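The values are calculated or read from the model by the stated rules, or taken from the named source; none is laboratory data. Here the structure is a predicted model, which is why all the values come from computation and not from measurement. Glycine also receives a Cβ, built like all others from the backbone with ideal geometry; neighbour counts cover every protein chain displayed.
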Amino acid sequence: MGEQQIPDATDPASVEPEPQRGLSRRGLMGLALGAGAAGVALGAGGGVVGGIALGRDQAQAATDAVAPASGIHQPGITTPVQDHLHFAAYDMMARTTRDDLAELLADWTYAATRMMQGLDVSATGAVGGSPEAPPDDTGEALGLPASNLTITFGFGPSLFDSRFGLEGQRPAGLERLPAFLGDDLDPLRSDGDLCIQACADDPQVAVHAIRNLSRIAFGRATIRWSQLGFGRTSKTTSDQATPRNLFGYKDGTANILADDTAALDENVWVSASEGPAWLAGGSYLVARRIAMLIETWDRTRLAEQDRVVGRDKAKGAPLSGGDEFTAPDFAAVGSSGKPAIDARSHVRLAHPDNNGGIRILRRGYNFVDGTTDLGRLNAGLFFLSFQKSPDSFITLQRALSTDAMGEYLRHVGSGLWAVPPAPAAGASVGAGLLGA
């Protein structure tokens, strides 16, 4: 794609020195004042994560649980799916400028780079500054390893307007997702100028990341909405076992895996000929907050649950036979003389064979946000997918309009963001978009 390959952050020998800078003045002010927007500067002489250089001594101090660098792509896409998520969408504040946006992304990149190596957001951190001033870092991750933390940034359709002079840079497909049958979207849990996906094997590490990036953003961007997730509902490597969702079924059996480079190129990564230059090597991120009607599902007989899903609950095998990884046979007939896999089952309607070969890379999580006013579990799936074109998701979602599982689901939040490639060494995420 013509993008620079990023060195392994844990291998100091692979990194050339860069001039060291730190958080911008506004980023430091954000840390001192509290929650809200973003800012960063670039790092110096040592390891690199996401393209920002750090001191060599700091790189050597990184923990054993540092997620591997992702080359030309941002981490958190093909990275082995971690156990916990904190996702946040942000809106730029009124009267902010293009320079404010660029500074925000630079500050975020610098802080994210440090946190993904198990470091505080700045050199003084949680305890190294003046006792008479608020600490730069909130400190709840002190003593914790990096826990495979990945931080992924995205740009929403609303960012590409006259506020920042980006109208001509908006990819053709980057528009607010259309309405789908069964949507009951809460506008306060949908969309956003920017998004950050923080995934880690320790929930406190993921929360720490979003908390501190929000503090850094003070005065420039504010959180529009956020979501905590646990218990991944997909896998991205063959080493990972297929997880189960809150309906008790194995989920993501046929997900695209990180080592399937042909499938990734075909379905996930935007090529230089498929979008603006700044997005080459990137992808599109869809987030959907899907409420599950848990109590209704729990009163449904097992045979009906299997029919709705199209798989055997125990083994995860398709109802046409075999094991979990056996390809579904949609022509197979059951003992009743009807198709073994129901025509309205989720497996049949979502399968690539029935959707022109479309595949997406999923990174979803379960969520339980207490109980509703009716005393029912406020729980469900926080669906995340990466695809090279929003049309891929739109086509699949429309194909699911007759899904029998729709009786047990409500889509209550939604968003779409363009995810740029990882920045080159010494640059910030989105530098290609802003010309910075």
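Observations on the model:
- Those residues of region 262-313 which are of a type in the set (Gly, Ala, Ser) and either under 20 Å from Arg410 (Cα atoms) or outside any helix (DSSP H, G or I) (or both), in sequence order: Ser271, Ala272, Ser273, Gly275, Ala280, Gly281, Gly282, Ser283, Ala287, Ala291, Gly310
- Just one of the listed residues (Asp259, Asp298) is more than 21 Å from His84 (Cβ to Cβ), among the acidic types (Asp, Glu) and at pLDDT below 95, and it is Asp259.
- Note on region 336-436: enclosed helices (runs of 4 or more DSSP H) holding 2 or more residues that are among the hydroxyl-bearing types (Ser, Thr, Tyr) are 390-399.
- Residue that is nearest to Leu228 (Cα to Cα) [pool: residues in region 81-96 that are touching a Lys or Arg at 6+ places or on another chain (Cβ under 8 Å) and of a type outside the set (A, V, I, L, M)]: Asp83
- Unique residue being in contact with a helix residue (DSSP H, G or I) (Cβ under 6 Å, 6 or more places away or on another chain), surrounded by fewer than 16 Cβ atoms within 10 Å (Cβ to Cβ), among the charged types (D, E, K, R) and touching a residue at least 12 places away in the same chain (Cβ under 8 Å) when the list is Arg359, Arg376: Arg376
- Restricting region 165-205 to residues that are among the hydrophobic types (A, V, I, L, M, F, W, C) and modelled with pLDDT under 95, the residue that is surrounded by the most Cβ atoms within 10 Å (Cβ to Cβ): Leu181
- Looking only at region 73-118, and only at residues there that are β-branched (Val, Ile, Thr) and assigned to a helix (DSSP H, G or I), the one that is surrounded by the fewest Cβ atoms within 10 Å (Cβ to Cβ): Thr113
- For region 364-371, the criterion of a residue being buried (at least 22 other Cβ atoms within 10 Å of the Cβ) and modelled with pLDDT under 95 is satisfied by at least one position.
- When Gly435 is tested against the conditions (1) in contact with a strand residue (DSSP E or B) (Cβ under 7 Å, 6 or more places away or on another chain); (2) surrounded by fewer than 20 Cβ atoms within 10 Å (Cβ to Cβ), the lone failure is (1).
- Here region 97-134 is the region considered, the condition is being of a type in the set (S, T, N, Q) and touching a helix residue (DSSP H, G or I) at 6+ places or on another chain (Cβ under 8 Å), and the residue that is farthest from Pro421 (Cα to Cα) is Ser122.
- Verdict on Thr296 being surrounded by fewer than 18 Cβ atoms within 10 Å (Cβ to Cβ), in contact (Cβ under 8 Å) with a residue 12 or more places away in the chain and of a type in the set (Val, Ile, Thr): yes
- Listed by first and then second residue, the pairs linking a residue in region 189-209 that is without any contact (Cβ under 8 Å) to a residue 12 or more places away in the chain to a residue that is of a type in the set (Phe, Trp, Tyr) and assigned to a helix (DSSP H, G or I), with Cβ atoms under 9 Å apart and 6 or more places separating them unless they lie on different chains, form an empty list.
- Residue check for Trp225: part of a strand (DSSP E or B), surrounded by fewer than 24 Cβ atoms within 10 Å (Cβ to Cβ), of a type in the set (Phe, Trp, Tyr) and modelled with pLDDT of 95 or more: yes
- Residues (part of a strand (DSSP E or B), over 25 Å from Gly71 (Cα atoms) and either charged (D, E, K, R) or in contact with a helix residue (DSSP H, G or I) (Cβ under 8 Å, 6 or more places away or on another chain) (or both)) located in region 228-260: Leu228, Phe230, Arg244, Lys250
- Which listed residue, of Gly322, Gly316, is part of a loop (DSSP other than H, G, I, E, B), over 30 Å from Ile72 (Cα atoms) and without any contact (Cβ under 8 Å) to a residue 24 or more places away in the chain: Gly322
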